[in-house]
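Worksheet for the structure shown next.
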Amino acid sequence: MNKKTIAIILILIYHAIWAVLEGYYQTSNWIYLFPLVLSAVTGVWGFWSENKEVKELKESEKRSHEDTQKLVKQEAKTTKEENELTNRIHTDNLLNIQFNRFLESQKLDRALLLKELEGNKVETLYIVKQKEGGEEKPLKDRIKLLGFKNVTYGDWILPPKKLKNKTILHKKNGVKQWVEENLINDIDLDEFVNSVLIVNLSNIYDEEKGDNSRARKIIGGVLKPADFTSKDKLLSEIHKKENISFREIIQIPFLDTLVDSEHPQISEQIKKLNSEIIKEIKKRLSLDKLNTTDLMKLEKGDLEKILKNLGVKSFKITSDNILMNVQLINSYLNLDNK
């Protein structure tokens, strides 16, 4: 039983006591105020943690945005600092994916997104990127760092909520300025062509055809509810309906969300096999219930074996992705938000 439910039960008990006292004594004695004071204190105790969590969520998103800007502008002094900033940004992107996956499981689908767009002009940035040669792909890494989502091949779209400075959309040479300050800052792009466009999502024909593991519709496919509506607003609605906290949400083992976004085909396969993989992991760890962070107890070789036995061809890449992202989630739960 969670704190919210306990608080409601206690408040009802206090009011019952108040009613009994009133029925017996029918006076204006100060003692009648005592149950009311207890109710107020209990209400704060039961509901304050949720408000605190929403506040933490906002602060985490703000910190992630500041970290992104700091890293892009190369203000970090050492490699260690750069790695810490990168991890925080990747963690925020990972939490967004996990949160969106939970909303999908709650049947908050494309209809909700279309309703959010109705009557509103929602614009964001869209990148058409040419293939980078060589093993290192600095531009692709920067695009992912900024929070863009892969649509197909070299096409990337920025979730509207990730675009903090919307003045660039209507400022003369605003997109060019954004590209220079955020996208290609300190990146050597000799003989490279790249296009950045403004797209209006409220005026878009968005149909999915053919192989959906390659090209997917943007609204309801690549972009999810939390990409349009703030997480704290959605979280408040979830509290009313499901009594589940953000911490509990990111502990739900949706293993496909732990696969890098540049491997959509692998992610889709893991999504279909999710329950079978979880069943095997629980058996291996002797657990009745599996939380995401329980995967920290799993040996890399054991996870590879489970994935391989279930027919996952890229089981080594998948295992690396999953275990690396579990570490980021574990760090978020144990360090940033104690």
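What follows draws every value from the coordinates through simple rules; no lab data is involved. From a predicted model like this one, the values you see are computed outputs, not experimental measurements. We place every Cβ from the backbone using ideal geometry, glycine too, and count neighbours over all the protein chains shown.
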(request) With a 10 Å radius around each residue's Cβ, average the other Cβ atoms per peptide and rank 169-182, 141-154, highest first. (result) 141-154, 169-182
(message) Using each residue's phi in region 283-299, evaluate 6.51 cos²θ - 1.76 cosθ + 1.60 at θ = phi - 60° and report the 3J(HN,Hα) Karplus result to the nearest Hz, with x for Gly and Pro.
(response) 5, 5, 9, 6, 10, 7, 10, 10, 9, 3, 6, 5, 5, 4, 7, 8, 6
(message) For a 27 Å ceiling on Cα separation, which of these pairs sit above it: K176/K209; K162/K271; K164/K316; K209/K316; K171/K217?
(response) K176/K209; K164/K316; K209/K316; K171/K217
(message) Once you place label points 7 Å from the Cα toward the Cβ at V199 and K172, how far apart are they in nm?
(response) 2.9
(request) Just order 263-275, 223-235 by mean Cβ neighbour count inside 10 Å, highest at the front, would you? (result) 223-235, 263-275
(message) If packing is taken as the average count of other Cβ atoms within 10 Å, what order do 325-333, 298-306 fall into, highest mean first?
(response) 325-333, 298-306
